[in-house]
Amino acid sequence: MEKVSQLKDQGNKALSAGNIDEAVRCYTEALALDPSNHVLFSNRSAAYAKKADYDNALKDACQTIKIKPDWGKGYSRKAAALEFLGRLEEAKATYQEGLRHEPSNQQLKEGLQNIEARLAEKKMMNPFAMPNLYEKLEADPRTRALLADPSYRELLEQLRTKPSELGTRLQDPRVMTTLSVLLGLDLAGMEEDDEPTPPPPPKPKETAPPPPKEEDLPENKRLALKEKELGNAAYKKKDFAAALKHYEEACKHDPTNMTCLSNQAAVFFEMGEFDKCREYCEKAIEVGRENREDYRQIAKAYARIGNSYFKQERYKESIQFYNKSLTEHRTPEVLKKCQQAEKIVKEHEKLAYINPELALEEKNKGNEAFQKGDYPLAMKHYTEAIKRNPNDAKLFSNRAACYTKLLEFQLALKDCEECIKLDPTFIKGYTRKAAALEAMKDFSKAMDAYQKALELDSNSKEATEGLQRCMVSQAVRNDNPEEVKRRAMADPEVQQIMTDPAMRMILEQMQKDPQALSDHLKNPVIAQKIQKLIDVGLIAIR
């Protein structure tokens, strides 16, 4: 069965990395070797759900329940698939059936509450039509960042007005993430394997069932418990030698209890003997697996291995074991530690990649391609140069020029801002920013940028001519109203203003009563937003 375990681990890694087809392949191969493994069917059901193949997700979930009818995860998988298939009543019945087998399963409880709420509200038949749509998406970290993307907001509005298009959009990962938030489903949680979803966080201790009373325990377990308590007392006093002695005695009395081994690992961790710590953690996991120990205890042992590697600044190894811990049981603490290690690894890789000499080579190649008019190739070389030397302002300026040539003005502006941030005295950062704004017909902001360039060099011909062009264009502009609106609504700042209910009410009030404008302009925040709408030509003050 070693091959099965290996394939399952490969499938879990692929699923975590978003490589769904590879995950399905691994789980399928493992099932060919072990067709009665309920965990494999459960994991493959999760993979199918992630690729929006809900029919196969449902089949695997049903098979999971058939093999292990007392496992809550199987019912959770089945109910989730039924929900996505629109079979809400069946999903509700599945949650109820799962709770009859596992009454304390929090995921099943929350799922049942969500499905009952959806069935009670007719409007929830189209989750994108809920009145507090944006509020709910803003409150969830999975979708909060997406709201800054104008194309994402446009997608939401399309699905709000045309729910029939949902079926054609399910391959878009943003839609899947949004549905997870709106429907109260945790697709990320589907990556967990082996054991039921943990109980709610408010519980003070990680161990779910209360320990049996000492008088109800067999003699050997009573003696083990007594030694373990003595070990805990010594550990708190930092008498590590005594703690190890008591934990060893506890293991002799009850060799099936992984906690004694895990506690010894904790002692070695405090003593800085990290190899020993990992050795005892591995032993604890082995004993825990053999004796069907609480999966949260397994997760703690994996997390301790991760912490030991983190202490030694072996961050890649720590990430590997943090992920194993999270597969067993997701906790905010381990997730945060894993993300911290990933960030450090990423920074180390980024720093290791820096090479100013290679950056200069890439810059020269970019310059050659730019002069030949091959802007995509130039952009590729400038991007590589930026990775090799991310503190060179001129590289961002050069790439901004490429973006402007390719009519990618928002990206050009972003690079210009980075250029100015790195070197506020570099005049081309301002002139290229102004050129992009001028091309977008945002003449007011373009004039500001040209003016800043002139403050650096009052003799700049490029800035002087640009400023004059913008002044003339601003004075004679007579754009088509539809064109003005289209261009303005491409600006994320304008989108944010126009979707703000308070601002919409103010604009409507201004239409009915122009005198109200003077009152609103007294508020500097509102005045700034109104000025923005004037600058882009959406409103005019006469």
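For this structure, a couple of remarks:
- Note on the chain: dipole from Cβ charges, positive end direction compared against Trp71, Leu538, Leu82; the farthest Cα belongs to Leu538.
- With DNA, RNA and ligands ignored, accessible area of Phe426 (1.4 Å probe; Å², nearest 10): 40
- For the chain, the relative contact order is 6 percent, taking Cα pairs closer than 8 Å that sit 6 or more residues apart in sequence and dividing their mean separation by the residue count.
- Per residue, the chain reaches -23000 deg cm²/dmol at 222 nm when only DSSP H runs of four or more residues are counted, each adding -39500 (n - 2.57).
- Here the chain is treated as a sphere whose radius is the Kirkwood value from Cα pairs; by Stokes-Einstein at 37 °C and 0.692 mPa s it diffuses with a coefficient of 116 µm²/s.
- Looking at region 399-449, the pairs of alpha carbons with a distance over 13 Å make up 48% of the total.
- In region 427-542, the ratio of gyration radius to Kirkwood radius, Rg to Rh, stands at 1.03 when only Cα atoms are counted.
- A full extension of the chain between Lys238 and Ala32 corresponds to an added length of 69.1 nm, given 0.36 nm per residue minus the alpha carbon distance.
- Longest to shortest principal axis, alpha-carbon extents of region 1-73, angstrom: 30, 29, 18
- Annotation: average projected area of region 40-89 is 3.0 square nanometres, based on the convex hull of Cα atoms across all directions.
- Semi-axis lengths, Å, region 230-310, gyration tensor of Cα atoms, sqrt of 5 times eigenvalues: 18, 16, 9
- Using θ = phi - 60° and Karplus 6.51 cos²θ - 1.76 cosθ + 1.60, couplings along region 508-521 (whole Hz; Gly, Pro as x): 5, 5, 5, 5, 7, 9, x, 5, 5, 4, 4, 5, 5, 5
- Global dimensions of region 1-142 from alpha-carbon coordinates: Rg and Dmax equal 16.3, 52 Å.
- Accessible-area ranking of Ser36, Ser45, largest first, probe 1.4 Å: Ser36, Ser45
- Largest first, the extents of the alpha carbon coordinates of region 247-293 on the three principal axes equal 29, 20, 11 Å.
- Only one residue of Ile497, Ser460, Ala117 has its Cα farthest out toward the positive end of the dipole of the chain, where Lys and Arg carry +1 and Asp and Glu -1 on Cβ, and that residue is Ser460.
- Positive end of the dipole of the chain (Cβ unit charges, origin at the Cα centre): among Ala241, Cys338, Phe443, the Cα lying farthest that way belongs to Phe443.
- Free-standing Cys, the chain [no other Cys Cβ under 4.7 Å]: Cys26, Cys62, Cys277, Cys281, Cys338, Cys402, Cys416, Cys419, Cys470
- Once both labels are positioned 7 Å from their Cα atoms along Cα-to-Cβ, the gap between Thr383 and Val525 label points is 3.8 nm.
- Calculated over region 313-472: convex hull of Cα atoms, volume per residue (Å³): 159
The values are calculated or read from the model by the stated rules, or taken from the named source; none is laboratory data. Small disclaimer: the values here were computed from a predicted structure and weren't measured. Don't worry about glycine lacking a Cβ; one is built from the backbone with ideal geometry, like all the others, and counts go over all protein chains shown. Note: accessible area is taken over every heavy atom of the protein model, side chains too, but ligands, DNA and RNA are not part of it. Shrake-Rupley method; radii C 1.70, N 1.55, O 1.52, S 1.80 Å.
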